[in-house]
Structures are given as structure tokens and as C-alpha cells.
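Some notes on the structure that comes next.
The values are calculated or read from the model by the stated rules, or taken from the named source; none is laboratory data. Keep in mind that what you see is a predicted model, and the values were worked out from it rather than measured. Here the Cβ is made from the backbone with ideal geometry for all residues, glycine too, and neighbour counts use every protein chain on show. Accessible surface areas use protein heavy atoms only, side chains included; no ligands, DNA or RNA. Shrake-Rupley method; radii C 1.70, N 1.55, O 1.52, S 1.80 Å.
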Amino acid sequence: MADIYDLIVLGSGPGGYVAAIRASQLGLKTAIVERENLGGICLNWGCIPTKAMLRSAEVFHNMKHAADYGLVAEKISADLDAIVKRSRGVAKQLNQGVTGLMKKNKIDVHFGDGTIAAPGKITVKTDKGETALEGKNIIIATGARARDLPFAKADGKRIWTYRHAMTPPEMPSKLLVIGSGAIGIEFASFYNDIGVDVTVVEMLDRIVPVEDEEISKFLEKSLKKQGMTIMTKAGVKSIDAGDKGVKAEIEDSKGKKESHDFSHVIVAVGIQPNIETIGLDQLGVEPDERYHIKTDAYCRTNIDGIYAIGDCTGGPWLAHKASHEGVIAAETIAQSMGKDGHPHAMDVNNIPGCTYCHPQIASVGLTEAKAKEAGHDVKVGKFPFIGNGKAIALGETEGFIKTVFDAKTGELLGAHMIGAEVTELIQGYAVGKTLETTEAELMNTVFPHPTLSEMMHESVLDAYGRVLHM
């Protein structure tokens, strides 16, 4: 006799485990099926441990510039093994935290490979056999994995994915990063900061191409100043990995092909969803044009009782988007079962994005170009870090904040930042967008002094010709 649940969640990443917790809070008997580690890629191999590594690089960078702060630091060096050990310790701590949350919320955890045998039925396979589970509802939260290049299959020795780059077998001497999205540029920034010679190759005309064009240009200039080599409108045509290094043929923006030698390569050219082996074809679950699972604004698939969230669905592929979808799906399911669920539709325009390179990038809403493409007459404001007292005191004067408004209505359409700690600042604009704020509310908000957040205020004022400190 199979165990019967109100909800079974397939996958325990930041979408899956949050969905399970909220469902349990709403009174649903809930189970999770996980094939590897609670917390998924984000907690174990993604968002969190990479931030631990980037923090080490940030501290190392500051130590190298100790004299700028009236301090003396001599004979400093980076110990890659110790950095990795700390990062893995952080991941372990959070994994244990999720384990505790499952117990606290009385969520059953079944480890093994889960397959949806039919609507409401999941088979969990382990080395010891199979377990049959029944659930009135299923949430697919299986995430995604790094996309391979046909000619550059990751081997963990010379050719790495993000996972290999987090537990490197050795310190690279000369590193090639293919792709300049968030993952690629964060690892490029980390290794560059600890002293590795880094080259980034991006096939599009600018790095971090989803960001506002001014942000992309500023970051490229900053990374080049730090010693990084950036090649845009370029492509890697072939990779030949040997025992002692990698030979890469790169075609530059003018169509010229040259061979370059590197010690290691990180492939960061996107993701593909983990959906091939979970039974979706037999069920008739509909994919989108990129072969991710198609869902509506309430995370429902085209099959009754089956929901999908996170990186196995459409973008943006962000952990916080997955967690929010987990809550929406749980609330929707609870409501459908007569519980006290209060679902709300997902609006991807209000999801902030953060890239933890050096300098950091954060954004929410439309870029200036996208706002104009959508037919908006825009007002744009900008304010530089160099005009902010707290930034000067911190010795962090590199960067700026940009805001985009609809000229007719005053609606905040988008905000874009580059500089120190902007990943902590962006939530102010995200709250504003969710509340459908206009320039008037932002102008009339009192920002504390001295803080970096004052730049947010000044950027808004600048859009309307009222900037105070420039």
C-alpha cells in the first residue's frame, strides 16, 4: 500500500523545500523526493558556497589594498584549499539547516530517483529497490544542470563546469571562461581576484548581456582595469585538452581565428532542465520553446494536479524566483483543497537579479532599451558612487545607480546598479515596483544618512532634474 500525501515535491532545492514548508504550514500532508542533497544545487553547489568563495576573494582584495585604509598587511597570499574548505563548510551548515526544517515541519523525505508514473503517483528508486508514493498533487522542482559544449565536455580536470570550479583539483594559472552570464562572470571575478590570469569569451556584443547596456559597458571597463581579458562578439571554435593544459581556438570579433593556451577552462554557457528521466513524456506535460516546463502564473502545468517551479521552468533562472514560485504553488494547491491558501500571480518584472562579481551588479524591471521597445517615453536618472559620502568613506567609489521611469505616469519601470553592496540595495526598488510606486513616493521617502542607499534617492531625483549632490 503506497503512502498517500496531499502533496509530493520532486526536488528539494530552494523552490522545492520552500514549497514543502509552506504546504505543511497550510495543513497539507507533504513529502519531498530528493536524489542527492537537501537544499539542491543552490545550497550545496551554487548560490551559497560560491558567495562564500567570493567573500574570501573580497577579503583578499581588501588585504592587498590595506594601505589605502591606513593599515599594514604584509606577505599575504590566497590558500585555495582553505577557501574551498570554508565554502564546503558553509554548504554543509545550510544543508543541515534544511534537514532540521524538514523535521520541524513534519515533512517526510524520501531519498532516491523519483519518476512520475502517472498523475498522483511517484516511484522512488534506490539501490535497495523501489518505493511507491501517492499524492493528490505533485510539484516538479528538479532544477537544471550546466549545459555542455559539444566540443568541450567537462572532465573535471582541465574542462570544468561551475561544480568543478568550486572544488578545483589545483589552482589555475591561466583560465578561460566561456560565457559571461552571472555564473561565468562570478567565477571569472573570483579567480581574477585571487591572482589567476583570466580570459572571458562572450559570443554576444557585450558581457552580462541581460543587464542594461550602460551596466555592461561599465563592468567590462572595470574588469579590464583589474587585468582581465574580455573578448566580446567572439567564439571558441575548438578545445584540445591535454595532461598539462588546454589549447583553444578562438575566433575574435573580426573573424580572425587564433590558438591560445590555457591551464583550465570553465564552461558557463547556460543551463538545461533536469526533466528527461522523470516521466513527463508519458504524462504529456507540455514544454516551452526552450524545452523547459511550461506553466501559468500560478505554476500550473497543462496536466491537472501537476505543478512546476524553479529552473526546470521558464526564466529568469534564479533561486529566489524558485522559492517564491514554491510559495505560490503551495498556496494554489491549498486553496484547491479547501484550505486557507491565498495565491497570487507571479510577475517576473518584479524579480530582482544579482551578480556577485567585483564590482557587484543588481537590477530589477526593464532596462532603458527594453522600456523604449515596449513603447514607453522614459525619464532616466543616474547617480555615481563618487558623489556619495558613505561610498567615499568606505573607499568604494566605483559604480553608479540608474533608474528608469515612465515619463507620463511616473511609474518606476526599472532600476540598475553596479558597485559595492548593490545586491543588498536592490530590494528597495523591488519593493517599490511591487507596490507600483511612482517617482513621487520615492522622492518623498526619507533615506538615512550616511548610507549607500542615498544614491537610490539621488538617482530618482536626477530623473526629474532635482538631483542635490551632483
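Counting only the Cα atoms, the range 361-434 fills a convex hull of 82 Å³ per residue.
Looking at the square roots a ≥ b ≥ c of the eigenvalues of the Cα gyration tensor of the range 2-160, which shape do they give, rounded for a/c under 1.5, prolate if a/b is larger than b/c, or oblate? Prolate, because a/c is 1.5 or more and a/b exceeds b/c. Contact order normalised by length for the range 267-325, with contacts defined as Cα pairs under 8 Å and 6 or more residues apart; what percent is it? Relative contact order, the range 267-325: 27 percent. Sorted largest first, the principal axis extents computed over the alpha-carbon atoms of the chain equal 69, 62, 46 Å.
By accessible area, using a 1.4 Å probe on protein heavy atoms only, the chain has 51% of its surface on carbon and sulfur. Put simply, when 359-367, 293-301 are sorted by average Cβ atoms within 10 angstrom per residue, most first, you get 359-367, 293-301. Across the range 236-369, C-alpha contacts under 8 Å between residues 6 or more apart give a mean separation that, scaled by the residue count, equals a relative contact order of 12 percent.
Compute the Cα gyration tensor for the range 202-277, then decide on rounded, prolate or oblate, letting a ≥ b ≥ c be the square roots of its eigenvalues: rounded whenever a/c is under 1.5, prolate when a/b is larger than b/c in the other cases, and oblate in all that remain. Oblate is the answer for the range 202-277, as a/c is 1.5 or above yet b/c matches or exceeds a/b. From the Cα gyration tensor of the range 73-118, with a ≥ b ≥ c the square roots of its eigenvalues, which class applies: rounded if a/c is under 1.5, or else prolate if a/b is larger than b/c, or else oblate? Cα axes put the range 73-118 in the oblate bin.
Between the DSSP loop rule and a limit of at most 16 other Cβ atoms within 10 Å, which trypsin sites (Lys or Arg not before Pro) in the range 61-97 are left? Working shown, then result.
Details: sites: 64, 75, 85, 86, 88, 92; in loops: 75.
Answer in residue order: 75.
Taking every protein chain into account, the accessible area of the chain amounts to 47 square angstrom per residue (probe 1.4 Å).
Label zone (residue 339, point 7 Å along Cα-to-C-beta; backbone nitrogen cut-off 20 Å) within the range 103-118: 103-110.
Other residues with beta-carbon under 10 Å from the beta-carbon of residue 244 carry, at +1 per Lys or Arg and -1 per Asp or Glu, a net charge of -1.
Suppose the chain between residue 167 and residue 411 were pulled fully straight at 0.36 nm per residue; how much longer would it get relative to their current alpha carbon spacing?
Values: separation 244, 0.36 × 244 = 87.84 nm, distance 4.49 nm.
Between residue 167 and residue 411, full extension yields 83.3 nm more.
Net charge near residue 34: determine it from the other residues with C-beta under 14 Å of the C-beta of residue 34, scoring Lys and Arg +1 and Asp and Glu -1. Around residue 34, the charge tally is -1. List the pairs from 174/257; 217/370; 225/370; 85/153; 294/379; 174/237 whose alpha-carbon separation is above 23 Å, in the order I gave them. Result: 225/370; 85/153; 294/379 exceed 23 Å.
Please give the charge dipole size of the range 1-60, origin at the Cα centre, charges +1 on K and R Cβ atoms and -1 on D and E Cβ atoms. Round to the nearest 20 debye. Present the calculation step by step, with values, prior to reporting the outcome.
Numbers: 5 positive and 5 negative charges, 32 e Å.
I would put it at about 160 debye.
Label reach from residue 113 (point 7 Å along Cα→C-beta): in the range 6-31, amide nitrogens under 16 Å belong to 11.
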